[in-house]
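Have a look at the structure below, then the notes.
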Amino acid sequence: MSTETLTPEEAEGQRRARRAKRNTSIGWWVITIVVAVWCLFPVASILATSFKTPGELSNGKFLPDNPSTSNYEEILVGDSQELFLSALWNSIGISIIATLIAVVLATLCAYAIARLDFPGKKIVLTVSLMVSMFPVISLVTPLFNLWRSIGLYDTWPGLIIPYLSLTLPIAIWTLAAFFQQIPWELEQAAQVDGATPLQAFRKVIVPLAAPGVFTTAIIAFFIAWNDFVYGISLTSTEAARPVPAALAFFTGASQFESPTGAISAAAIIVTIPVVLLVMLFQKQIVAGLTSGAVKG
Amino acid sequence: MASITLKNIVKKYDDGFPAVNNVSLDIADGEFVILVGPSGCGKSTLLRMIVGLEDITSGELQINGRRMNEAAPKDRNLAMVFQNYALYPHLTVYENIAFPLRLAKDANGGGSVDEKVQRAAKMLELTEHLDRKPANLSGGQRQRVAMGRAIVREADAFLFDEPLSNLDAKLRGQMRAEIAQLQRSLGVTSVYVTHDQTEAMTLGDRVAVLKKGILQQVASPRELYEQPVNLFVAGFIGSPSMNFLPATITEGSGGTVLSTPIGDIPIPADRAAVAQGKDLVLVGVRPEFFEDATLVDEAKMPKGSVFTAELSHLEWLGHEQYGYIEFEPDEKVRRLLSDLAADMDADELRPQVVTTLSAESRVRPGRPVELWVDTSRIHIFDPESGENLTRDAEAGAELTRMAAEERERELAAARERDAQKA
Ligand SMILES: Nc1ncnc2c1ncn2[C@@H]1O[C@H](COP(=O)(O)OP(=O)(O)OP(=O)(O)O)[C@@H](O)[C@H]1O
Ligand SMILES: [Mg+2]
């Protein structure tokens with residue numbers, strides 16, 4: 001559209017519409033920036049701290065005077081290496097396994113809830129909601145005793161199992177809600193189009209369900225990844241201790257130095273997978289992929 | 001190309017609800033059959049049984065003479081346009097249309113996938129939308145995609161489940177014409193569910209009327225309109241619908257007279273003969289059988305008779321006007337009429353007669369007027385069984401035969417056009 005062909009009134013109208021649009025988008029920008037600063041300031045602070053030398057830690061400045069990577073060296077190749085790397089390995093392994101199990105179980109469960117009519121459907125949903133509302137801290141002590149007596153204390157399964165109690169309910173709820181939105185007639189449409197039931201499931205239902213499963217998996221992963229209470233209570237050695245718990249065991253380079261720098265560096269490193277995950281699967285997380293399948 | 005034969009098809013749902021009851025229907029190769037009936041009468045169920053998405057409780061379904069009851073949907077080679085389109089939201093328009101072809105791969109002979117998709121898209125004017133996702137299309141475009149997915153494959157028959165029900169009136173008219181053309185040019189057997197009168201009358205070679213899972217009548221639209229078998233079909237087909245008047249037959253001095261609440265209408269004795277021995281009958285008179293007596297041609301006059309009535313109100317529409325005559329039925333008739341209305345899923349049948357009069361008529365409501373009614377075309381129904389006592393089966397069959405010949409001619413013409421193009 002070229003401006004020359006517009007009458008002055010039209011041009012004025014367009015300008016006004018554009019200005020109104022700009023005003024609303026300015027409003028949005030302001031809100032976005034406020035929220036972003038609010039959320040990201042602590043992260044930025046930790047990031048800045050992670051590059052400070054022990055001497056600068058309490059100098060009251062936000063940015064380090066002469067940034068150094070000594071903290072990263074300390075946890076990746078230095079004294080705390082063993083503590084950190086094994087914790088990182090534990091965190092990754094335990095979170096992934098807990099996520100996988102939760103997603104597989106929750107997918108089956110949510111599929112049944114969305115597709116089938118069976119007695120006790122409501123109960124399954126209610127119970128899983130109740131489980132997720134149970135305060136974690138009240139479970140820790142009995143679990144500690146139980147795990148010690150049956151030999152699960154300080155092992156991977158010893159953490160994976162309680163993590164499932166956190167991740168399963170939310171996974172079931174999200175997936176059930178998601179599956180209920182899938183237009184299941186599509187499966188029939190595919191069969192009429194010449195697909196076997198298996199082909200219909202694979203070519204139509206799986207692609208539609210995938211975003212929901214991805215989203216759920218990421219949520220479940222974060223829950224497991226961020227857990228601290230179970231991590232610190234049910235482990236005692238590097239055999240199973242995850243990063244959030246391990247951070248508490250960092251010591252400074254010498255007894256008289258505070259480990260703040262190392263902890264910050266470790267915190268930044270464990271944040272990276274989270275950011276990466278979100279960026280990688282951003283596309284999959286978008287909702288509304290099923291719109292347009294059926295009318296109305 | 002295929003013929004579809006339903007033999008005593010019964011469908012009982014798991015909860016015991018008999019949705020379809022003993023339906024037998026022969027659909028010839030290349031024929032366009034419409035299923036109509038009020039909501040919940042089993043149209044979709046019947047269609048879903050044909051396509052294989054619903055088990056058949058008893059009876060036999062044959063496609064091309066082969067029993068197909070147990071065949072999986074994919075083995076029946078039928079294409080269906082679902083009531084809600086059921087497009088694949090994660091695929092582009094192109095891939096939606098190509099979906100059945102990709103599944104069939106080599107099963108479909110001749111021509112590449114791309115060629116076929118492009119041809120279907122061109123026919124449905126979807127070419128410029130091929131790369132878009134269904135979510136971004138308008139209702140009419142989605143509907144065309146659904147059609148494209150059905151026609152792209154060389155299916156033996158098309159099944160349509162109220163494909164136009166969600167479109168606006170204009171688009172519906174346009175799509176109706178397109179479907180009619182498409183069906184004729186492809187010459188594919190089609191079964192089309194609708195509860196739109198116009199679609200039923202204009203599209204179908206034959207129309208099957210269902211009521212509560214029971215097949216009432218299968219005939220050409222003309223036969224249904226002119227020779228309905230019973231009260232239900234008579235009332236269901238036509239808009240505004242047929243008027244039903246309680247009447248007793250009396251032999252007066254001037255011949256046989258139907259005494260109705262709106263006046264005494266003399267009728268030919270042979271028409272009345274069928275109602276011998278019945279003290280009460282229902283007379284079915286279509287609105288257009290009435291006319292302002294002063295405007296009727298001399299030549300036409302003797303085919304009907306004139307009576308005096310009072311119009312309660314009048315609606316002038318430009319090309320014609322509706323005159324309403326109200327009457328007071330007795331309790332028994334009132335119940336009969338409201339039962340009938342419930343069957344047809346219509347609003348309460350008001351005890352009133354709708355008459356279609358010429359636009360130039362100067363009759364005024366609230367005054368006695370002379371109305372002419374074409375008594376040669378009225379029907380007399382048995383109020384108990386609902387049966388049409390005056391139905392002329394032969395004349396009806398003739399109408400349907402004519403429609404069948406017409407179809408043959410159109411199909412032949414379409415084939416010829418194709419041959420010329422090729
Ligand atoms: N899955 C089912 N279980 C039990 N009864 C059903 C089921 N599906 C449909 N019915 C019943 O079968 C009858 C026929 O349903 P159907 O969907 O065939 O109606 P229809 O003629 O297509 O109506 P509409 O014009 O409203 O689409 C209805 O009375 C309905 O209640
Ligand atoms: Mg239906």
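At a Förster distance of 41 Å, what's the computed FRET efficiency of A:Gln282 paired with B:Ala342, Cβ-Cβ distance as r, to 0.05?
Once the sixth-power term is evaluated, E becomes 0.15.
Rounded to two decimals, what ratio of Rg to Rh does the range A:8-50 give with C-alpha atoms and a Kirkwood Rh?
Rg/Rh: 1.42.
Which FRET efficiency value, to the nearest 0.05, do you get for A:Glu185 and B:Ser165 by plugging their Cβ-Cβ distance into 1/(1 + (r/R0)^6) with R0 = 22 Å?
0.90
Run the Debye formula on the Cα coordinates of the range B:4-226, all scatterers equal and no solvent, and tell me log10 I(q)/I(0) at q = 0.13, 0.16 1/Å.
-0.75, -1.13
Restricting things to alpha carbons, find the Rg to Rh ratio for the range A:167-282 using the Kirkwood radius for Rh.
With Rh from the inverse mean 1/r over Cα pairs, Rg/Rh is 1.22.
Say the dipole of chain A comes from +1 at the beta carbon of Lys and Arg and -1 at that of Asp and Glu; which of A:Gly261, A:Val206, A:Ile101 then lies farthest toward its positive end?
The residue sitting most towards the positive pole is A:Val206.
What does the charge dipole of the range A:70-291 about its Cα centre add up to, to the nearest 20 debye, if the Cβ of each Lys and Arg holds +1 and the Cβ of each Asp and Glu holds -1?
Value, rounded to 20: 760 debye.
Hey, which of these cross-link pairs are over 18 Å Cα-Cα: B:Lys43/B:Lys74; B:Lys212/B:Lys278; B:Lys122/B:Lys421; B:Lys11/B:Lys212?
B:Lys43/B:Lys74; B:Lys212/B:Lys278
Return the single residue from A:Arg22, A:Arg148, A:Arg115 with maximal mean-square fluctuation; model: Gaussian network over chain A, springs between Cα atoms under 10 Å.
For chain A, modelled as a Gaussian network with Cα springs under 10 Å, the answer is A:Arg22.
Taking 56 Å as R0, compute the FRET efficiency from the Cβ-Cβ separation of A:Leu198 and B:Lys303 and round it to 0.05.
Taking R0 as 56 Å, the efficiency between A:Leu198 and B:Lys303 is 0.25.
Once the mean 1/r over all distinct Cα pairs of the range B:119-256 is inverted, what Kirkwood radius in angstroms do you read off?
17.6 Å is the Kirkwood radius here.
May I ask you to evaluate 6.51 cos²θ - 1.76 cosθ + 1.60, the Karplus curve with θ = phi - 60°, for each residue of the range A:102-111 and list the ³J(HN,Hα) values in order in whole Hz, giving x for glycine and proline?
After applying 6.51 cos²θ - 1.76 cosθ + 1.60, I find 4, 5, 4, 5, 5, 4, 4, 5, 5, 4 Hz.
Just counting partner chain Cβ atoms within 10 Å, what average do the residues of peptide B:69-75 show around their Cβ?
Mean shielding count: 4.
Calculate the mean, over all residues of peptide B:22-33, of how many other protein chain Cβ atoms lie within 10 angstrom of the residue's Cβ.
Mean partner shielding for this stretch: 0.
Hey, what did chain B get for relative contact order, percent, Cα under 8 Å, at least 6 apart? Let's see the in-between values first.
On the way: 821 pairs, mean separation 68.8, N = 422.
Result for chain B is 16 percent.
How much length, in nm to one decimal, is gained on full extension between B:Ser39 and B:Glu115, taken as 0.36 nm per residue of separation minus their Cα-Cα distance? Intermediate values should be presented prior to the final figure.
Numbers: separation 76, 0.36 × 76 = 27.36 nm, distance 4.01 nm.
Here the segment from B:Ser39 to B:Glu115 would lengthen by 23.4 nm.
Based on alpha-carbon atoms only, what is the radius of gyration of chain B relative to the globular estimate 2.2 N^0.38 Å?
The reported ratio for this selection is 1.12.
Would you pull out the residues with amide H under 5 Å of B:Val193's amide H, same chain only if 5 or more places away, H placed 1.01 Å from N?
Counting only residues 5 or more places away or on other chains, the set is B:Leu35, B:Phe160, B:Asp161, B:Glu162.
For the range B:24-31, in order, what is each residue's ³J(HN,Hα) by Karplus, 6.51 cos²θ - 1.76 cosθ + 1.60 with θ = phi - 60°, in whole Hz (x at glycine and Pro)?
10, 7, 10, 10, 6, 4, x, 7
Percent relative contact order of the range B:231-391, based on C-alpha pairs within less than 8 angstrom and at least six residues apart?
Numbers: 321 pairs, mean separation 49.3, N = 161.
Dividing the mean separation by the residue count of the range B:231-391 yields 31 percent.
Tell me, A:Glu187, B:Glu408 in order of fewest to most beta-carbon neighbours within 10 Å?
If I rank by nearby Cβ atoms, fewest first, I get B:Glu408, A:Glu187.
Amide H to amide H under 5 Å from B:Val207: which residues, 5+ apart in sequence or cross-chain, H placed 1.01 Å off N in plane?
Long-range HN contacts for B:Val207: B:Ile34, B:Ala219, B:Ser220.
From zero up to wherever the largest Cα-Cα distance of the range A:70-291 sits, split into 10 Å bins and tell me the percent of pairs in each.
Here the calculated profile for the range A:70-291 is 8, 27, 29, 20, 11, 4, 1, 0.
Karplus couplings for the range B:147-155 from phi (6.51 cos²θ - 1.76 cosθ + 1.60, θ = phi - 60°), rounded to Hz, Gly and Pro as x?
5, x, 4, 7, 8, 5, 8, 7, 6
Would you calculate, for chain B, the mean residue ellipticity at 222 nm contributed by helices, counting each DSSP H stretch of 4 or more residues as -39,500 (n - 2.57) and dividing by all residues, to the nearest 500?
-9500 deg cm²/dmol
Rg and Dmax in Å for the range B:107-181, alpha carbons only: what are they?
Every Cα atom of the range B:107-181 included, Rg and Dmax give 12.9, 39 Å.
How big is the charge dipole of the protein assembly as shown about its Cα centre, in debye rounded to the nearest 20, if each Lys and Arg gets +1 on its Cβ and each Asp and Glu gets -1 on its Cβ?
Values: 65 positive and 82 negative charges, 432 e Å.
With only Lys, Arg, Asp and Glu charged at Cβ, the dipole is about 2080 debye.
Where Lys and Arg each count +1 and Asp and Glu each count -1, what net charge lies around B:Gly255 among other residues with Cβ under 12 Å from its Cβ?
Within the 12 Å Cβ shell, the charges total -2.
Report D for the protein assembly as shown in µm² per second (integer): Stokes-Einstein, Kirkwood Rh on Cα pairs, 10 °C, 1.306 mPa s.
Approximately 49 µm²/s, per Stokes-Einstein.
Which value in nm describes the separation of the simple spin-label points at B:Ile214 and A:Ala177, placed 7 Å from the Cα toward the beta carbon?
Inter-label distance under the simple model: 4.9 nm.
Would you work out which of B:Gln227, B:Met402, B:Cys41 lies farthest towards the positive end of the dipole of the protein assembly as shown, given +1 charges on the beta-carbon of Lys and Arg and -1 on that of Asp and Glu, about the Cα centre?
B:Cys41
Give me the distance in nm between label points sitting 7 Å out from Cα along the Cα-to-Cβ direction at A:Ala239 and B:Tyr322, one decimal.
In this crude spin-label approximation the distance works out to 8.6 nm.
Provide Rg over Rh for the range B:154-228; use the alpha carbon set for both Rg and the Kirkwood Rh (inverse mean inverse pair distance).
My calculation of the ratio gives 0.97.
Over chain A, what relative contact order in percent results from Cα pairs under 8 Å that are six or more residues apart?
Over chain A, the number comes to 27 percent.
Which far-off residues, 5 or more places away or on another chain, put their amide H under 5 Å from the one on B:Thr260, with H placed in the peptide plane?
Hits under the 5 Å cutoff: B:Ile265.
Where does each of B:67-80, B:383-396 land if you order them by average Cβ count within 10 Å, highest first?
B:67-80, B:383-396
Counting other beta carbons within 10 Å of each Cβ, put A:Asp193, B:Asp345 in order, fewest first.
B:Asp345, A:Asp193
Only helical DSSP H runs with n ≥ 4 go in: add -39500 (n - 2.57) per run for chain A, normalise by residue count and round the 222 nm mean residue ellipticity to 500 deg cm²/dmol.
Dividing the helical sum by the residues of chain A leaves -23500 deg cm²/dmol.
Calculate the mean, over all residues of peptide B:77-88, of how many other protein chain Cβ atoms lie within 10 angstrom of the residue's Cβ. Write out the running numbers ahead of the final one.
Details: counts 2, 2, 3, 5, 2, 8, 3, 8, 8, 14, 7, 12.
Going residue by residue through B:77-88 and averaging, the value is 6.
Can I get the semi-axes of the range A:102-147's equivalent ellipsoid? Compute them from the C-alpha gyration tensor as square roots of 5 times the eigenvalues, in angstrom, largest first. Numbers along the way, then the final one.
Working: eigenvalues 155, 31, 14 Å².
Largest first, the range A:102-147 gives 28, 12, 8 Å.
FYI, it's all coordinate maths here, none of it is from the lab. Note that the coordinates shown come from a computational prediction; the quantities given were computed from them, not determined experimentally. Backbone-built Cβ (ideal geometry, glycine too); neighbour counts: all protein chains shown.
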